[in-house]
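For reference, the structure is listed below as structure tokens.
The values are calculated or read from the model by the stated rules, or taken from the named source; none is laboratory data. Computed from a predicted model, the values in this text were never measured in an experiment. Glycine also receives a Cβ, built like all others from the backbone with ideal geometry; neighbour counts cover every protein chain displayed. These area figures cover heavy atoms from the full protein model, side chains too; ligands, DNA and RNA do not enter into them. Shrake-Rupley method; radii C 1.70, N 1.55, O 1.52, S 1.80 Å.
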Amino acid sequence: MIVVTGATGNVGRPLVRALVTAGEQVTAVSRGISAQDLPDFPAEVRRHQADLAKLTDLASLAPALDGADALFLLTSGDFVSANGSVGDVLDLARARGIRRVVLLSSQGVATGSHPATLEDAITQSGLEWTLLRPGGFDSNTLQWADMVRTRRTVTAPFGDVALPTIDPTDIAEVAAAALLDTGHAGNAYELTGPAPISPREQASAIADALGEPVTFVEQSREEARAQMLRFMPEPVVEATLGILGTPKPAERRVSPDVERVLGRPARSFVEWAARNVAAFK
């Protein structure tokens, strides 16, 4: 049995499907989850509601861990804002029989742009561990969906700064490999797409998928900051803007780790846009 936290998210959904396809029993955990929420999930997936952002709700995770030996751990910005202790989660997991954990971390930890607190807790936990360090997600552009649908416009900062963003499905498939095969224990994988792409180029790829023009309007840093503060903690906003606007050479670099783990190249943003074009219509 494998437990997947954040199961309704952009990585969690394809991860659950990949594990079920591999013949694994899965418990899908999210703060809001039901058969109605997840009609695309196989019926055999066990669903469990728990909110890791609420420290008082941590015990609600315990029943989901019973009978499982591996855990995919995703901690949200809300968890960080609430001063959540991943150590408490790991103590609970260990007590319930979990032996292996795969953490969705971030590329920024490897480059020094984000703190290593979560990773340190994992590597010192005594459990088998694998760290996944993705850069920006292709799916972050879904925040543009409403303006593309209604105005055929994209508004974003740093229009010509290119970064190798990654398809969340590739992250999910690497996570599935790490959860299913103990040979990945002790490894930290930096996960990127196959080539750097700028926001302006992403808007163009969405336009091509739609078959219609999309206008790109560049935001100032302050405009972007004010918008991001509505749904992200301030330290995360500042670190993210730093990566988006003035990335380090390591944050621009394409990593071979997706191909190394999966035996195929990472999917491109153009492929992601074509597969998700319905969100922008």
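The label point for LEU210 and the one for ALA250, both projected 7 Å from the Cα toward the Cβ, are 3.7 nm apart.
Relative contact order of the stretch 136-215, taken over Cα pairs closer than 8 Å and 6 or more residues apart, is 39 percent. Taking R0 as 22 Å, what's the FRET efficiency between GLN143 and GLU223 from their Cβ-Cβ distance, rounded to 0.05? The computed FRET efficiency comes out at 0.95.
Amide H to amide H distances under 5 Å link PHE216 with VAL154, where only residues 5 or more positions off or on other chains count and H is placed in the peptide plane. Entry comment: accessible area of the stretch 128-241 is 42 Å² per residue, from protein heavy atoms only and a probe of 1.4 Å. Placing a label point 7 Å from the Cα of SER60 along the Cα-to-Cβ direction, the residues of the stretch 1-30 with a backbone N closer than 16 Å are 5-8, 28-30.
In the chain, taking the dipole from charged Cβ atoms about the Cα centre, the farthest positive-side position among LEU74, SER85, HIS114 is held by LEU74. The accessible area of TRP272, taken with all protein chains in place and a 1.4 Å probe, comes to roughly 10 Å². Each part gets one Cα centre, and for the stretch 150-215 versus the stretch 127-144 those centres are 9 Å apart.
The accessible area of THR21, taken with all protein chains in place and a 1.4 Å probe, comes to roughly 120 Å². Rounded to whole Å, the principal axis extents of the Cα atoms in the chain read 53, 38, 38, largest first. Within the shell of other residues whose beta carbon sits under 13 angstrom from the beta carbon of LEU229, the net charge comes to -1, with Lys and Arg scored +1 and Asp and Glu -1.
As a fraction of the 1.4 Å probe accessible area of the stretch 209-269, surface on carbon and sulfur atoms comes out at 55 percent. Note on the chain: dipole from Cβ charges, positive end direction compared against ALA279, GLN202, LEU61; the farthest Cα belongs to ALA279. When the dipole is taken about the Cα centre of the stretch 116-160, and only Lys, Arg (+1) and Asp, Glu (-1) are charged at their Cβ, what size is it in debye, to the nearest 20? Here the size comes out at about 400 debye. For a quick check, take a GNM of the chain with Cα springs below 10 Å and name the residue from THR169, THR150, THR117 with the largest mean-square fluctuation. Answer for the Gaussian network model of the chain: THR150.
About its Cα centre, the stretch 162-281 has a charge dipole of approximately 60 debye under the convention of +1 per Lys or Arg Cβ and -1 per Asp or Glu Cβ, with nothing else charged. Just the Cα atoms of the stretch 111-171, one point each, no solvent: what log10 I(q)/I(0) does Debye give at q = 0.21 Å⁻¹? Here the Debye-derived log intensity ratios amount to -0.98.
With only the Cα atoms considered, the stretch 67-187 has a convex hull volume of 142 Å³ per residue. In the chain, a dipole from Cβ-located charges (positive for Lys and Arg, negative for Asp and Glu) runs towards its positive end, and of PRO157, VAL258, THR182 it is PRO157 whose Cα lies farthest in that direction. Ranking of ASP51, ASP138 by solvent-accessible surface, largest first: ASP51, ASP138 (1.4 Å probe, protein heavy atoms only, all chains present). Taken about its Cα centre, the chain carries a charge dipole of roughly 260 debye when the Cβ of each Lys and Arg holds +1 and the Cβ of each Asp and Glu holds -1.
Rolling a 1.4 Å probe over the protein heavy atoms leaves LEU118 with an accessible area of roughly 50 Å².
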